[in-house]
Amino acid sequence: MTKETRSFERVNKIIEKYEGKRSSLIAILQEVQEEYRYLPEEILTYIATAMDISPASIYGVATFYAQFSLAPKGKYVIKICDGTACHVRGSNGLKEAIEEKLGLSKGKNTTDDLLFTLEMVSCLGACGLAPVMMVNEQVYGQVTPEKVKEILDEIIQKEGVPA
């Protein structure tokens, strides 16, 4: 088995699971992204070759849907709701607290260690708990900048990352 075959072994299993059907491309990309936390360019090219689909078609799907990312994401994806209710109740202050705590800024939304990624989203569907943030699948309501720092400190401590 060559090195290249080994590096794409998991991708091959995902493609085989869906029998390489073009109609399953979105599901395949979802599983690949779950595996890598984003869609690396070389993996997209490999999928195109393995499924006999043009690379442009694969990129078209990967860039059309907001759920897909072509850039590495952190282990913990923090989503800050910036819908009307959350915005009025201070979601921008949460964003600023996270950026300060994690050393992020406009144009840099993932920490260098790939532990955290910050995303602003239009709505998380929990307006009554505004302002709201999610860390992966965990929802936090009525969050303050101080609470944000506590939540991040807990994760950092859990991960054993030096402060």
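The values are calculated or read from the model by the stated rules, or taken from the named source; none is laboratory data. Worth saying up front: this structure is predicted, and the values here are computed from it rather than measured. Every residue, glycine among them, receives a Cβ derived from its backbone with ideal geometry; neighbour counts consider all protein chains shown.
Annotations for the structure displayed:
- Within region 106-155, the set of residues being under 20 Å from Arg37 (Cβ atoms) and either of a type in the set (D, E, K, R) or free of Cβ contacts under 8 Å to residues at least 12 places away in the same chain (or both) comprises Gly107, Lys108, Asn109, Asp112, Asp113, Glu119, Glu137, Gln138.
- Pair list, Cβ < 7 Å and 6+ apart or interchain, from region 1-22 residues that are assigned by TED's automatic domain parsing to the domain that holds Tyr46 to residues that are in a loop (DSSP other than H, G, I, E, B) and at pLDDT 95 or above: Arg22/Ile53
- Selection from region 60-93 of residues that are in a loop (DSSP other than H, G, I, E, B), on the phi < 0 side of the Ramachandran plot and not charged (D, E, K, R): Tyr65, Ala66, Gln67, Phe68, Ser69, Leu70, Ala71, Pro72, Gly74, Gly83
- Test: residue in region 139-153 that is part of a loop (DSSP other than H, G, I, E, B) and either closer than 30 Å to Ser24 by Cβ or assigned by TED's automatic domain parsing to the domain that holds Tyr36 (or both): no
- Considering only residues in region 121-141 that are surrounded by 13 or more Cβ atoms within 10 Å (Cβ to Cβ) and over 21 Å from the mean Cα position of the chain (by Cα), the one that is farthest from Asp82 (Cα to Cα) turns out to be Leu129.
- Residues of region 37-59 satisfying the condition of being outside any helix (DSSP H, G or I) and among the β-branched types (Val, Ile, Thr): Ile53
- Checked against the criterion of being assigned to a loop (DSSP other than H, G, I, E, B) and within 16 Å of the chain's Cα centre (by Cα), the candidates Leu118, Leu29, Leu114 yield just one match: Leu114.
- Hey, Glu96 acidic (Asp, Glu), within 23 Å of Val121 (Cα to Cα) and either in a helix (DSSP H, G or I) or in the same structural domain as Leu129 (by TED's automatic domain parsing) (or both) or not: yes
- The listed residue being of a type in the set (Ser, Thr, Tyr) and touching a Cys at 6+ places or on another chain (Cβ under 7 Å), out of Ser91, Ser122, Ser105, Ser69: Ser91
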